[in-house]
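Novice: Dropping a structure here in structure tokens format, bear with me for questions.
What follows draws every value from the coordinates through simple rules; no lab data is involved. Quick caveat, the model's predicted, so the values are computed rather than measured. Don't worry about glycine lacking a Cβ; one is built from the backbone with ideal geometry, like all the others, and counts go over all protein chains shown.
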Amino acid sequence: MTLIQERKNLIVRTMDRIRTLLNGRNPDLDVLDAVKSELMELAKSKHLFSLEDFPPPDSNSERNSCLYRLSEDDDHQFALYANVANGTVDAPPHDHTTWAVIVGLLGQERNKFYKKISHGIAVEREEIVEEGTGVTLLPDDLHSIHIQAGEAVLNFHLYGLGLEQLPGRNYWSAHNKIWKVFPPHTDIREARS
Ligand SMILES: [Fe+2]
């Protein structure tokens, strides 16, 4: 079996188990924890998710990160991406309008979690996503992502709905002190299949 076929089969089996876990419902944090465990199991097959197969953007690219689509249902539910970054990334505090699970494979991605306060937001806690760890978010939960230059980062991002279907994601503009809506993601690539 080729590496691509092995990866494809393993992703299909993982996503089948995740669909079963949700059972057509909106997941709570307990269900998302079980989803996280499935993705952490998938992440153990490191030979299937290398930087050779999922290279970060070139150094002259506008963005330091990009997404590779690994799986998505025909109705755009259960969108799994490999997120890869090389260089500084500072995504502002944002929601997803759907549930999300992030699991680490390579490098470190610092996640800050926020709560809304009367005039903006306040940091509640921080977690590092790296090999063997992950975080879960409900549709209204807020986080920001921070990656330092010097070490490539590769992780899984799973969303209840594909990012192209999430035009209303909100982010906090610290400069203007207002909520804004994210423009559509500009660098989603199809994984080789
Ligand atoms: Fe996010």
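Novice: Lys/Arg Cβ at +1, Asp/Glu Cβ at -1, dipole of the chain taken about the Cα centre: which of I178, N86, G107 is farthest positive-ward?
Specialist: With unit charges placed on the Cβ atoms, the residue in question is I178.
Novice: Most exposed first by the Cβ proxy, i.e. fewest other Cβ within 10 Å, how do I178, I188 rank?
Specialist: I178, I188
Novice: Follow-up. Using +1 at the C-beta of Lys and Arg and -1 at the C-beta of Asp and Glu, which of L29, C66, L42 has the Cα lying farthest in the positive direction of the dipole of the stretch 3-186?
Specialist: L29
Novice: Please check: in the Gaussian network model of the chain (C-alpha springs, under 10 Å), which one of H146, H47, H94 has the largest mean-square fluctuation.
Specialist: Checking each option, the largest mean-square fluctuation is seen for H47.
Novice: Just to confirm a number: summing +1 for Lys and Arg and -1 for Asp and Glu over residues other than Q165 whose beta-carbon lies under 10 angstrom from that of Q165, what do you get?
Specialist: Net local charge, Q165 excluded: -3.
Novice: Can you check how the C-alpha radius of gyration of the chain compares to 2.2 N^0.38 Å, as a plain ratio?
Specialist: Relative to the 2.2 N^0.38 Å estimate, the chain comes out at 0.99.
Novice: Would you mind checking the tilt of helix 3-22 against the longest principal axis of the Cα atoms of the chain, expressed as 0 to 90 degrees and rounded to 10?
Specialist: Once rounded, the angle reads 60 degrees.
Novice: What length, rounded to one decimal in nm, is gained on full extension from L10 through to S61, with 0.36 nm per residue of separation minus their alpha-carbon distance?
Specialist: Between L10 and S61, full extension yields an extra 15.2 nm.
Novice: Then there's this: Just subtract the alpha-carbon distance of D187 and N23 from 0.36 nm times their residue separation and send over the number in nm, one decimal.
Specialist: Extra length from D187 to N23 when fully extended: 56.0 nm.
Novice: To continue, here is another question. Quick check: Cα centre of the stretch 133-180 to Cα centre of the stretch 52-121, how many Å?
Specialist: What the calculation gives is 6 Å, centre to centre.
Novice: So for the pair H47, R125, with labels modelled 7 Å out along Cα→Cβ, what separation do we get in nm?
Specialist: 3.7
Novice: Follow-up question, since we're still on this one. Between their Cα atoms, which of K44/K115; K8/K112; K115/K180 are more than 21 Å away from each other?
Specialist: Correct reply: K44/K115; K8/K112.
Novice: Now for a different question. Over the stretch 3-186, what relative contact order in percent results from Cα pairs under 8 Å that are six or more residues apart?
Specialist: 23
Novice: Where the only charges are on Cβ atoms (+1 Lys, Arg; -1 Asp, Glu), what is the dipole of the stretch 3-186 about its Cα centre, to the nearest 20 debye?
Specialist: So the magnitude is around 300 debye.
Novice: Charges only on Cβ, +1 for Lys and Arg, -1 for Asp and Glu: so what's the dipole of the stretch 29-111 about the Cα centre, in debye to the nearest 20?
Specialist: 360
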